[in-house]
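Structure record follows, encoded as structure tokens.
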Amino acid sequence: MDRKKFLANSAIAAAGIALGSTNTFAGKKDSTINSPKKKFNLKYAPHFGMFQNNAGEDLIDQLKFMHDQGFTAFEDNGMKGRTVATQENIAKQMSKTNMEMGVFVAHNIYWTEPNLTSGKKDLRDEFLKDIKESVEVAKRVNATWMTVVPGHVDLRLDMGYQTANVVESLKQASAILEPHGLIMVLESLNFYNHPGLFLKKIPQAYEICKAVNSPACKILDDLYHQQIQEGNLIPNIDKAWEEIAYFQMGDNPGRNEPTTGEINYLNVFKHIHEKGFKGILGMEHGNSKPGKEGEMAVIEAYRNSDQF
């Protein structure tokens, strides 16, 4: 897309909102502000709150704004905690505009104490109960993927035993998910923001997925976390490719939109696109600038990083 044309359109849209225009979500087809922007090459998925200054606080209006800006997917970590009525309304709106649902968090994550690593039956049972409940949420919102984080390390157990305990829990969870065609994606988190967690690296997630050996257990490659933890982003994408089902991103430092940090997202996205990735890339990051202008800057950053 012509960058100058995009910036001009963005300025017009921002001006219309600033003047209190109600056209954005009124469905008028003769308005430049209303015209949906060109779809992105990849399925980047914003989340609620990312564009609320432009779209307003109403969740459905935010979804409409995302669609109007060319986004074809959406993710919501907190979807499981929303009311059934809210989940159904979100799914209905996404169906109207053919937007795909990305990940939601499938279970209670233990950030400071071991759960799946410990091998304790009560903690495994709690996890499996959460997975069963998440199946119903996934059906309700037309989701395929759900995020799983195995939790904190168990300092009293060798890593080999911890890995075996995690693998066994994930095998049992896979047996729940497989009949429904659902996929849990394992997220490796960096040591700096989340010290003490068991799952840290893409090679480790790859090893676990191979051990579980199920189409219901795959990798969520969060490029922000992996840049901090180990770097080597594109080579790790290639080596783990057959087990990667989902991406998330944020630039480093700052965990904001692409182009604000050290990751060359233009090259990374191009590489993912050329490998034929058809899944979703979650925009799990903040906005580097405040207000409406900051939100439009996020969209511009993705346009600039999607030129291939």
Sort the following peptides by mean Cβ neighbour count (other Cβ atoms within 10 Å, averaged over residues), highest first: 144-151, 253-260. 144-151, 253-260
Here, chymotrypsin sites (Phe, Trp or Tyr not before Pro) of the range 186-245 satisfying both criteria (DSSP loop; at most 12 other Cβ within 10 Å) are TYR192
Set LYS96/LYS292; LYS132/LYS218; LYS96/LYS289; LYS37/LYS201; LYS37/LYS292; LYS39/LYS218, cut-off 29 Å on Cα-Cα distance; pairs above it are LYS96/LYS289; LYS37/LYS201
Tell me the label-point distance for the pair LYS121, ASN142, using the 7 Å Cα-to-Cβ offset, in nm and rounded to one decimal. 4.2 nm
Size of charge dipole - the chain - debye, nearest 20, with Cβ of Lys, Arg +1 and Asp, Glu -1, no other charges: 780 debye
Please state the charge dipole magnitude for the range 129-237, taken about the Cα centre, from unit charges on C-beta atoms (+1 on K and R, -1 on D and E), reported in debye and rounded to the nearest 20. 160 debye
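In nm, what is the difference between 0.36 nm times the number of residues separating LYS96 and ASN264 and their Cα-Cα distance?
Net length gain for the segment: 57.1 nm.
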For the Cα atoms of the chain, what angle does the longest principal axis make with the long axis of helix 121-141, in degrees from 0 to 90, nearest 10? 30 degrees
Restricting to the chain, compute how many DSSP beta bridges are antiparallel as a %, nearest 5. 10 percent
With just the Cα atoms of the chain, tell me how far they stretch along each of the three principal axes, in Å, largest first. 62, 41, 32
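A short reminder: the numbers here are calculations on the coordinates, not readings from a lab. Keep in mind the model is a prediction, meaning the values are calculated, not measured. Cβ atoms come from the backbone with ideal geometry, glycine included; neighbour counts cover every protein chain shown.
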